[in-house]
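Chemist: Below are the structure tokens for one structure; questions will follow.
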Amino acid sequence: MNAEIVVLPTKQAVAEALADRTATALRAALEQKNRVTLCLTGGSTPVPAYERLAQAEGIDWGRVHVFWGDERCVPPDHEESNFAMAARTLLAPAEVPETNVHKMPGVCPQDEGAAVYEQALEQFFGDDLWFDVLHLGMGDDGHTASLFPGTDALGVTDRRVTPGLAPPSANVRERLTLTFPTLMQAGLCLVAAAGADKREAFSDVLDAYDGEGDGPPVAHVRVEGDLIWLVDAALAQGLTDD
Ligand code: 6PG
């Protein structure tokens, strides 16, 4: 697996790199195309990145269409909503037009929500789905988007969107997620992860890249373009040459 791994000194530096690399990629894409696409992730790591990205120079947000890799099944103003986080940190400050915001439906049964987003993606992309920039994170169990270990979503290849978790499992909220084949359709995938609590998962990812073991879900992400890990020293310590 030819993934590039960039080790930054701190979690804040990871967020800054996520924002700056995204801004550079969006500006380049906007030079080439009338409209470009950005697929966001949820979680806490991207929060300062999205605040920084909203202030980036030279991005015509009127030509950037925003999607999500996953969403929790909650209302769009709920504190756990990935849309709510992005609206607060990026969409509002950058004044992204509402017509460019393609949020996943959170307030409906998972299968219904998946079908609604499937239709939205079909309407926008047709057969040519493509994310110029795709953001992903990684949980301490190696999940990415809402592709969790041991779930049916990992094996879904005939749809773009699927329920991310079985009906209420333990203390994790029901979710919707893009599927692996959909995540593949990206020009630049930036995976941002930080913190020592994720070191074991990241070690398993590196082993999987080296052909040793299957690795957690995030190790199975493949993209048409470039995949770049942005990790902090606390996570990568002793695992990479940096
Ligand atoms: C979500 C994300 C999820 C996230 C990881 C890491 O909806 O929560 O899509 O995949 O990226 O759980 O989250 P942190 O950045 O908070 O560690």
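Chemist: Could you state the number of Å between the C-alpha centres of the stretch 1-50 and the stretch 98-136?
Modeler: 20 Å
Chemist: Same structure, new question: Checking the cross-link filter: which lysines have an alpha carbon closer than 27 Å to that of residue 103, excluding same-chain neighbours under 8 positions apart?
Modeler: 11, 33
Chemist: Give me the one-decimal nm value for the distance between modelled label points at residue 237 and residue 140, 7 Å along each residue's Cα-to-Cβ direction.
Modeler: 1.5 nm
Chemist: Short version: ³J(HN,Hα) in whole Hz for each residue of the stretch 157-164, in order, from phi by Karplus 6.51 cos²θ - 1.76 cosθ + 1.60 (θ = phi - 60°), x for Gly and Pro, what are they?
Modeler: The phi angles translate into 10, 9, 9, 8, 9, 8, x, x Hz.
Chemist: Ok, one more. Place a +1 charge on the Cβ of each Lys and Arg in the stretch 10-87 and a -1 charge on the Cβ of each Asp and Glu, then give the dipole magnitude about the Cα centre in debye, rounded to the nearest 20.
Modeler: That gives the stretch 10-87 a dipole magnitude of about 320 debye.
Chemist: Does the chain come out rounded, prolate or oblate, given a ≥ b ≥ c as the square roots of the eigenvalues of its C-alpha gyration tensor, rounded meaning a/c under 1.5 and, failing that, prolate meaning a/b above b/c?
Modeler: Values: a/c = 1.44, a/b = 1.10, b/c = 1.31.
The shape class here is rounded.
Chemist: Can you run phi through the Karplus equation (6.51, -1.76, 1.60; θ = phi - 60°) for the stretch 105-114 and list ³J(HN,Hα) in whole Hz, with x for Gly and Pro?
Modeler: x, x, 9, 6, x, 3, 5, 5, x, 5
Chemist: Something else about it: Please report the antiparallel percentage of the DSSP beta bridges confined to the chain, to the nearest 5.
Modeler: 25 percent
Chemist: Then there is this: Using the basic label-point model (7 angstrom from Cα toward the beta carbon), what is the residue 57 to residue 222 distance in nanometres?
Modeler: With each label point 7 Å from Cα toward Cβ, the separation is 4.1 nm.
Chemist: Still on this structure, please answer the following. Find how much the distance from residue 79 to residue 24 grows on full extension, using 0.36 nm per residue of separation minus their present alpha carbon separation; answer in nm with one decimal.
Modeler: Length difference between fully extended and current span is 16.8 nm.
Chemist: Across the stretch 214-221, in residue order, what do the Karplus-derived ³J(HN,Hα) couplings come to in whole Hz, using 6.51 cos²θ - 1.76 cosθ + 1.60 with θ = phi - 60° and x for Gly and Pro?
Modeler: So the J values, rounded to whole Hz, are 7, x, x, x, 4, 5, 9, 6.
Chemist: A further question on this structure: Considering amide H positions built from the backbone, and no H for Pro or chain starts, which residues 5 or more places from residue 146, or on another chain, come under 5 Å of its amide H?
Modeler: 178
Chemist: How high is the relative contact order of the stretch 1-57, in percent, with contacts defined as C-alpha pairs under 8 Å that are six or more residues apart?
Modeler: After rounding, I find 50 percent.
Chemist: Let me ask you something else. Taking 8 Å as the Cα distance limit and 6 or more residues as the minimum spacing, I'd like the relative contact order of the stretch 4-232 as a percentage.
Modeler: 24 percent
Bear in mind these aren't lab numbers, they're just calculated from the coordinates by the rules spelled out. Please read these numbers as outputs of a predicted model, since none were measured by experiment. Using ideal geometry, Cβ is built from the backbone for each residue, glycine included, and neighbour counts are taken over all protein chains shown.
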